[in-house]
Each structure stands twice: as C-alpha cells, then as structure tokens.
Amino acid sequence: MIRTHVHGDVYEVVLARAEKRNALTPDMLGQLCTAIGETPREAGGLLLTGEGAVFCAGFDLSLCKDAPGGEVMRALLEGLHRAISALRRLEIPVVVGAHGAAIAGGCALLGGGDLVVTNSDAKLGYPVVRLGVSPAISAPFLRRLAGDGVARSRMLENGLISGREALVCGLAHECLPAPDAVRDFALEAARMLAAKPRGALAATRRWLDEISPIELDVEALHVSTALAGGEEERRLLPQAWAAR
Amino acid sequence: MSNTNQLAQLTLDGPVARLALNRPDARNALSLDLLGAMHQEVDRLQSRAPGGPHVLIISGVGKSFCAGMDLKAVLDNNRLALELLTSLAEWTLKIRRLPMVVVASVNGAAIGGGCGLACVCDLAITHADSKMGYPEVDLGVCPAVVAPWLVRKVGAGRARKILLTGGLMSGREAHACGMVDVLCESASQLDETVESVARRLASGGSNALAATKGLLNQLDGSLDDSIVMRGAQLSAQVLATPEAQSRLRAKFSS
C-alpha cells in the first residue's frame, strides 16, 4: 500500500492504494511511517505523492464498521499523528504533491510538508465533524501550514475548497492547471530543494521549527482519540459508509 | 532638516517622516556604516517629543531598495560579521518598537536582509516588477535574523516555502503571498501610491495607531528580542561554515 522510489537525490514515498482513492488504513499508515523512517541517508529531499486519480481521500472508514468500540479509529488517528510527526522530524525538506483530492486525513498529511503542490480543481478540506470525528489531531500542524484562521475554518466548516482557493488561503503553495502535472512539478521542486546547500537548508529548517514550533500535538491527538467509539460517533459515522 | 552627505537621510515633514537609504552605488547594501547611520537617524526620531510624526516611510535612493547584507567586507572576519548581523537585528527591533506606523516603499530590488527590512515594516508597498526574496540558502547562508519577521508577516507555512526555496520573486508574486500589502502596476506609480497610503495613515489618531501597533507587537511576539538576537548568532555561525564561505567567494569573484 506504500511504494518508495529513489530518483537521484530525491526519495519518493507513494500512497499506493489507488482502487480505494488511497484511503488510509492502520496498516498503510504503519507502512508509511516505516518508509519515512527508511529515508536514505544521502537523500536531499522527500516527495510524498499518491497513485491514481487522487492524492488521498482520508481514512478508510469502512474498517470502523466492525469496531464499534473505536479501536480502528484510534489506530488511524495515532498512525496519522506518527506519520505527520515523522515528516516534520526529517532533516531534509518535504514536498507533498497533492493532486485531485486531499480530504480529511489526506488533508492532514499536507501539514507534514514544507512545500505543497496541488491543482486548480482539486478538492481539499476536513469535513469530519459531521461524522462525529474530531480533526483536532491535525490542528497543531495545519495552523503552522496555513495559519490559525484557515485551520479553524477548514476543520469546523465541514466543506471542501478547490486547489485554487487552497493556494489563496495558504494550504497549498503551488497550484497547477492539470492534476496530471502535479507529480512531475513536485518532483522537480524536490530536486531543486535537494540541490541546495544542505547545511544552510537544514539550519534554516531547524530555525523555523524553533521560532514557530509545533505545539500541543500529543494533547491534540488525545482530543481526537477521546471521541473515538463514543455515542455521537457511533450514531453519525454510518453515514460515511452509507454514502459510498 | 536633512543632511545629504549621510548614508541614511531622515527628513521630517509634519506627520510624515522619511528615511532614505543612501548608498546607491552599492545598491544600498547594508554595511556597518550604513546600518550605523540608520540607527542614528531612527534614534533621532525616537527622541522627538509627542506630537511628532505618525508615519515613517523607508525607501532606497537610486534603483534598488536594498540589495541585502554587504557580506563581502566581513567574509574573512566572523567577529565583524556578527557585528553586522547584530546591528541589523537591533535595527529591526528598533523599527518594530517605534510608536508610529512604518511603511516600506520598495522602489526596486529588496533582497535577503533588504527584503527583511521591508517585512519588519508595518506595511510594504511595491510595484509589479520589483525583485524581492531571500536567496540566502542558495548561497549557503541562513536568513535567521529576518526569518522571525517573515513568519510574523506571512505565517509559518508560507515563510517555510519562501526561505527554503530561496531565489527571487516579482513584486506581483510578493503581493500574492502576503509579503507586500499594497501593489501598484508600475514603478512610476509607486510614489503616488505611497503618498496616498501615508496621507490616510497620517489622518488617523496617533495614539490609536501607537496603541494598536503596540498590541499587535505583544500578540505576535515582536517584543521578544532574544529570538532575533539568537538569529544573528546562528546566521554568523552558518556564514563561517566552509559551505557558505566557498559559495560566497565564488559569487564575489564572478
């Protein structure tokens, strides 16, 4: 469900579950963390992309059907937290090529990127409160990516925005006309970053983490996991699989 | 009221004060002497009695706004490099603490530390074809002094993209990413645009402006001197690395 490739200085990690729009499962998130942990020492940039029509449609909520106690939801939330944290902890810049759609957990992954590339008609957002799920886990990362106001509106408003709108509000840094162009553009950007003086790049990245640190991420995870398997989630979550 | 021989010229004109960087032959690159003059002139402004200017406009004499730190002179001497970076850090803190609204009139290139000058101001105005940005990482240097001001100006996410990707952007792109607040189409319209913004600002109550700026400073951490001062040390450290030294020497010899 995760593939990796080495393109010279760039290490590419690919969400590879195209038949399910790269919907995330606990196993897949585990593989993603492993792949990030195995970043080659000589790599100068990591590129995160998705195979198929879209980057990532979020959690595979159908797996929660058979776990009314919320075990699967908790595993998904914890896996997502580990994956974003692992991206943020890397010493090298991270480029995310988010074509087509980056929804809920898929949108959360953008918070692990230094540079986010998308396309004009992509759908991005975090419509999960209507399912009784709290996106709190992503708040510490998304507010650093796009600012407090944008993080607030994306997580609470329940709707999706286009790639064009994401560029304006800061959720994405580059927006291309066609979804097919996203991955190549992102690969070029990762190559460009990997070719820069590594010492200065690493020092600048560490300094930015120091002056704008990720705060309260463990507490935020707990806010999300505390609701998993609760009455509200059990009542509202079935809409998710009814809709598919 | 102004002294034309100085590297930095302060002109006082009722509610609007102007500070011009006046080292056009070096594209207003920040040397110890230029920064020294900029400190002196801003100190004169600070010492003025209440009822002084409500607005300070900063611009560059000649074609450039400011080409950045004059690193050539301090490349061999890390003590001087630290002195230069510390002087820039202290000057940015001084600008942020001024009780008046500070406007950058970015008349041409604003590069590296020069772009930092624009971003520490409360408002930045430029034209579509100016060149702005932070190419420090391309030279093996870390833009640590100006990073906190860019983060406060455009947010942490956009600052990461801008500082890590390096290079330069047009005034129009700078406006699109929030580094510039007011954009005019051509260089010939800049003065007029700056004047109209300054007039509007000067018509506001100076106490209200000062109180609002003071509150914003508290909210966004602008009064935390230690971050910017540590930035100066980090920047000097990275400047001393072989990576930075070899890149800069290659640039200066070309």
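Working only within region A:19-41, note down all residues that are assigned to a loop (DSSP other than H, G, I, E, B) and under 18 Å from residue A:89 (Cβ atoms).
A:38, A:39, A:40, A:41
Can you give me the ranges of the strands (runs of 3 or more DSSP E) entirely in region A:79-194 with at least 3 residues that are in contact (Cβ under 8 Å) with a residue 60 or more places away in the chain and crowded, with 24+ Cβ neighbours inside 10 Å?
A:94-97, A:115-119
Those residues that are in a helix (DSSP H, G or I) and open to solvent by 10 Å² or more (accessible area, probe 1.4 Å), I need them from region B:163-172; list them, please. Before the answer, list the steps.
Kept after step one, since they are in a helix (DSSP H, G or I), are these residues of region B:163-172: B:163-165, B:171-172.
Answer for region B:163-172, where residues must be in a helix (DSSP H, G or I) and open to solvent by 10 Å² or more (accessible area, probe 1.4 Å): B:165, B:172.
Please specify each residue of region B:227-254 satisfying the condition of being among the hydroxyl-bearing types (Ser, Thr, Tyr) and open to solvent by 60 Å² or more (accessible area, probe 1.4 Å).
Across region B:227-254, the qualifying residues are B:246, B:253, B:254.
Is it the case that residue B:210 is surrounded by 14 or more Cβ atoms within 10 Å (Cβ to Cβ), touching a residue at least 40 places away in the same chain (Cβ under 8 Å), more than 9 Å from chain A (Cβ to nearest Cβ) and part of a helix (DSSP H, G or I)? Give the steps one after another, and end with the answer.
Details: surrounded by 14 or more Cβ atoms within 10 Å (Cβ to Cβ): yes; touching a residue at least 40 places away in the same chain (Cβ under 8 Å): yes; more than 9 Å from chain A (Cβ to nearest Cβ): yes; part of a helix (DSSP H, G or I): yes.
In short, yes.
Out of (1) closer than 21 Å to residue B:238 by Cα; (2) modelled with pLDDT of 95 or more, what's the single condition that is false for residue B:74?
(2)
So, residue B:31, is that one surrounded by fewer than 18 Cβ atoms within 10 Å (Cβ to Cβ) and more than 13 Å from the chain's Cα centre (by Cα) or not?
No: the conditions fail for residue B:31.
The values are calculated or read from the model by the stated rules, or taken from the named source; none is laboratory data. What you are looking at is a predicted structure, and each value in this text was computed from that prediction instead of being measured. Ideal geometry is used to build each Cβ from the backbone, glycine not excepted, and the neighbour counts take in all protein chains shown. For accessibility, only protein heavy atoms count, side chains too; no ligands or nucleic acids. Shrake-Rupley method; radii C 1.70, N 1.55, O 1.52, S 1.80 Å.
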